[in-house]
Amino acid sequence: MRHVIVAANWKMNTTPADAGELAATIGARTREPDVVRVICPPFVCLAAVRDGLAGPDVVAADGSGVAVGAQNVHHEQAGAFTGETSAAMLAGLATWVIVGHSERRRDAGETDELIGRKLRAARAAGLRTILCVGEQLDEREAGRAEAVVDAQVRGCLDGADLAALGVEDGLPWLTIAYEPVWAIGTGRTARGADAAAMAVRIRATLAALGMPGGGDGVPVLYGGSVTSSSIGEFLAEPDIDGALVGGASLKPDEMAGIVARAGLTAAARRGPADSGSPAGPAPLAAKTT
Ligand code: PGA
């Protein structure tokens, strides 16, 4: 059974002075132990967010809380790369990282090959990865969306040790966020059925690449103008495991609504708490780090 994950991508918003309080507010308002929550602030706000999420209003008695993620990572370990941040530098600040976001593909010219190197560097340093893929509008209109995403997944995972990207300690090393570029920040979402079809295609690609378990264990999130109003359409799809949320993730009310809806899906997947059947799904590990 796959986890339900809600990851917040704050993009280039917040400052070290206000990020910790915002994270603490969101953390306290999203206490759904079965939902894996991740907040990805700008690099300079990572420490403030980590500290803001450490309080008793956020961390449950069992130690579960909200994980911290970075929005990017450099593919090399160290060296003459002015302005860059390595995976090792993120240790102690973050446990997750987003790679391959379409805004970085667009603005920083990131290629699938480079994103694959980032993914491998992140894994080597012990960071769980959210790999973003998604087609442009003209590609969807031309009927090429699945082929484009298939090529992105293949290109980014080329050379990766797929056996090392499965679930460990109850959490996945690899999560894929399907984010149609035309839906990001536009207020226009994909249809739930289309996103689910893409999730199926992504898992078929993972299976073809030789992912252990055929990709069934890899969570696939939807991203692109997700709000508390639109999340339900995506979580109604069994093949969609949560969301990568941009604009709405800066609003505690929105995050509370999104995570509450995700909690319903997580509870439904878990099944009756008292089923007691050894063949039934195990309770989800609530820890998020
Ligand atoms: P959005 O961004 O929710 O603001 O569309 C999503 C993303 O870019 O991850």
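The values are calculated or read from the model by the stated rules, or taken from the named source; none is laboratory data. Since the model is a prediction, treat every value here as computed from it, not as a measurement. Backbone-built Cβ (ideal geometry, glycine too); neighbour counts: all protein chains shown. All accessible areas refer to the heavy atoms of the entire protein, side chains included, with ligands and DNA or RNA removed. Shrake-Rupley method; radii C 1.70, N 1.55, O 1.52, S 1.80 Å.
Things to note:
- Meets criteria (farther than 30 Å from A78 by Cβ and at pLDDT below 95) for G185: yes
- Screening T205, T175 for residues that are of a type in the set (V, I, T), at pLDDT 95 or above and over 18 Å from the mean Cα position of the chain (by Cα) leaves exactly one candidate, T205.
- For segment 200-214, a residue qualifies if it is open to solvent by less than 20 Å² (accessible area, probe 1.4 Å) and assigned to a loop (DSSP other than H, G, I, E, B), and exactly one does: M211.
- Candidates are the residues of segment 8-56 that are closer than 20 Å to P172 by Cβ and polar (S, T, N, Q); the one that is farthest from the ligand (Cβ to nearest atom) is T30.
- The conditions of being open to solvent by less than 10 Å² (accessible area, probe 1.4 Å) and either charged (D, E, K, R) or touching a residue at least 12 places away in the same chain (Cβ under 8 Å) (or both) are met by P180.
- Residue count for segment 88-104 under the criterion of being within 16 Å of the ligand (Cβ to nearest atom) and part of a loop (DSSP other than H, G, I, E, B): the result is 2.
- When residues in segment 105-114 are screened for being more than 12 Å from the ligand (Cβ to nearest atom) and either farther than 18 Å from M12 by Cα or not acidic (D, E) (or both), 6 of them pass.
- Residue match in segment 98-120 (condition: touching a His at 6+ places or on another chain (Cβ under 6 Å), within 20 Å of A163 (Cα to Cα) and among the small types (G, A, S)): no
- Any hit, segment 157-175, residues being within 30 Å of D18 (Cβ to Cβ), open to solvent by 40 Å² or more (accessible area, probe 1.4 Å) and not in a helix (DSSP H, G or I): no
- Residue count for segment 13-47 under the criterion of being surrounded by fewer than 23 Cβ atoms within 10 Å (Cβ to Cβ) and hydrophobic (A, V, I, L, M, F, W, C): the result is 6.
- Whichever residue in segment 215-233 is part of a helix (DSSP H, G or I) and away from the ligand (no atom under 12 Å from the Cβ) and, among such residues, is nearest to A196 (Cα to Cα): E233
- Residues satisfying the stated conditions in segment 220-266, i.e. within 12 Å of I5 (Cα to Cα) and hydroxyl-bearing (S, T, Y): Y222, T265
- Pairs where the first residue, in segment 60-72, is within 18 Å of L119 (Cβ to Cβ) and in contact (Cβ under 8 Å) with a residue 40 or more places away in the chain and the second is of a type in the set (F, W, Y) and surrounded by 21 or more Cβ atoms within 10 Å (Cβ to Cβ), C-beta under 7 Å, 6+ apart: A67/W96; G69/W96
- For segment 108-125, a residue qualifies if it is within 14 Å of T175 (Cα to Cα) and open to solvent by 10 Å² or more (accessible area, probe 1.4 Å), and the qualifying residues are R120, R123.
- Inter-residue pairs, beta-carbon under 8 Å, first at positive phi and in segment 236-252, second more than 12 Å from the ligand (Cβ to nearest atom) and among the small types (G, A, S), 6+ apart: G242/A262
- Matching residues in segment 218-272 - criterion: being under 28 Å from A207 (Cβ atoms), touching a Leu at 6+ places or on another chain (Cβ under 9 Å) and either among the charged types (D, E, K, R) or open to solvent by 40 Å² or more (accessible area, probe 1.4 Å) (or both): D241, R269, R270
- Condition met for P278 (on the phi < 0 side of the Ramachandran plot, at pLDDT 95 or above and more than 17 Å from the chain's Cα centre (by Cα)): no
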